[in-house]
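The values are calculated or read from the model by the stated rules, or taken from the named source; none is laboratory data. Computed from a prediction, not measured in an experiment: that's the story for all the values here. Virtual Cβ from ideal backbone geometry, glycine too; neighbours counted across all protein chains shown. What goes into the accessible areas is simple: the full protein's heavy atoms, side chains included, and nothing from ligands, DNA or RNA. Shrake-Rupley method; radii C 1.70, N 1.55, O 1.52, S 1.80 Å.
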Amino acid sequence: MNKGIGGCFGANRGADMSVSSHLCLNDGNRIPVIGFGTYAPTMLWSTFHRPDLVRQGLERSLRALQLDYLDLFLIHYPVEFQAGDTLLPVNEDGHYLYSNTDIRETWKAMERCKDAGLVKSIGVSNFNHWQLDRILKKPGLKHRPVCNQVECHLYLNQEKLLRYCKENGIVLVAYSALGSSRDATWRIGEGCPVLLEDPVLNDIASKIKRTPAQVALRYLLQRGIVVLAKSFTKDRIQENMRVFDFELGEEDMTSLYARNKNMRYDRRPMWEDHPKYPFHDEY
């Protein structure tokens, strides 16, 4: 991520058939519109929400990555756990040990990390619009979140959240952009259809001689969404990046939009009892 020659000028464009390789962030930096999903968090983990621990959480990531600064640092999840050496603390009964720091105080500490030059841009992940709004209306707000990284794909189009983010100059970044593999440990994808087997998606892909994955990614890009595509094979990784030399027409975009089911692969139901669990309100 970089400012590029001349920096960023003007607002991000809305839904458009054309797609640029980068989008402007509200702090003047730029972000590539497609990235490689790794799932490994170089974000602020949920045991580091206390303001006095935020910089420590960031520096922990910097040491692990052997870097002096990060281009982008996100609050990984609004759900907070008790601070300590254990990333997922539980009591003797196996129940998660929660905490509930005011997210505005956590954000203020994130701002200090940016001002200290440890990170170029700061944002959030898995926040609903109420949680974003709490930050945006914080007295003395110095830096707005540049992005909100959320689950977003053909079956979860995030239309309301996308509109809210665009209205507030926040880029929506889609993880699980191609659906998600089953993960019994985290109860991900239980009972969910395989996105890349969707018949409408496959019909369009066959018609324009592209892969279902390329069409699924291009659909999100044309809606102004940054996408993270995860794969374990070199050929598929390269294939997923080839999404700039074709366009989806209005009829195909409409057909794909109609496939929305407001369906999540990853709801993390084990954390539903936390006061800041974000998915009770799908907007």
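The figures follow:
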{"quantity": "Counted residues, the range 59-89 - those being open to solvent by less than 70 Å² (accessible area, probe 1.4 Å) and either in a strand (DSSP E or B) or among the hydrophobic types (A, V, I, L, M, F, W, C) (or both)", "calculated": "12"}
{"quantity": "Hits in the range 230-246 (condition: at pLDDT below 85, open to solvent by less than 60 Å² (accessible area, probe 1.4 Å) and not polar (S, T, N, Q))", "calculated": "ILE237, GLU239"}
{"quantity": "Search result, residues across the range 90-108 that are in a loop (DSSP other than H, G, I, E, B) and open to solvent by less than 40 Å² (accessible area, probe 1.4 Å)", "calculated": "THR101"}
{"quantity": "Pairs where the first residue, in the range 248-275, is within 30 Å of GLN82 (Cα to Cα) and the second is basic (Lys, Arg) and part of a loop (DSSP other than H, G, I, E, B), C-beta under 7 Å, 6+ apart", "calculated": "PRO269/ARG187"}
{"quantity": "Every pair of residues 6+ apart whose Cβ atoms lie under 6 Å, when the first sits in the range 41-58 and is more than 14 Å from GLY84 (Cα to Cα) and assigned to a loop (DSSP other than H, G, I, E, B) while the second is open to solvent by less than 80 Å² (accessible area, probe 1.4 Å) and modelled with pLDDT of 95 or more", "calculated": "PRO41/HIS76; MET43/LEU74; MET43/HIS76"}
{"quantity": "Number of the exception - LYS137 against (1) of a type in the set (Lys, Arg); (2) within 26 Å of ARG223 (Cα to Cα); (3) without any contact (Cβ under 8 Å) to a residue 60 or more places away in the chain", "calculated": "(2)"}
{"quantity": "The range 109-128 - residue that is open to solvent by less than 30 Å² (accessible area, probe 1.4 Å) and part of a strand (DSSP E or B) and, of those, nearest to ILE31 (Cα to Cα)", "calculated": "SER121"}
{"quantity": "Residue in the range 129-149 that is open to solvent by 40 Å² or more (accessible area, probe 1.4 Å), at pLDDT 95 or above and not in a loop (DSSP other than H, G, I, E, B) present", "calculated": "yes"}
{"quantity": "Filtered residues of the range 158-167 (kept if open to solvent by 10 Å² or more (accessible area, probe 1.4 Å) and in contact with a helix residue (DSSP H, G or I) (Cβ under 8 Å, 6 or more places away or on another chain))", "calculated": "LYS160, TYR164"}
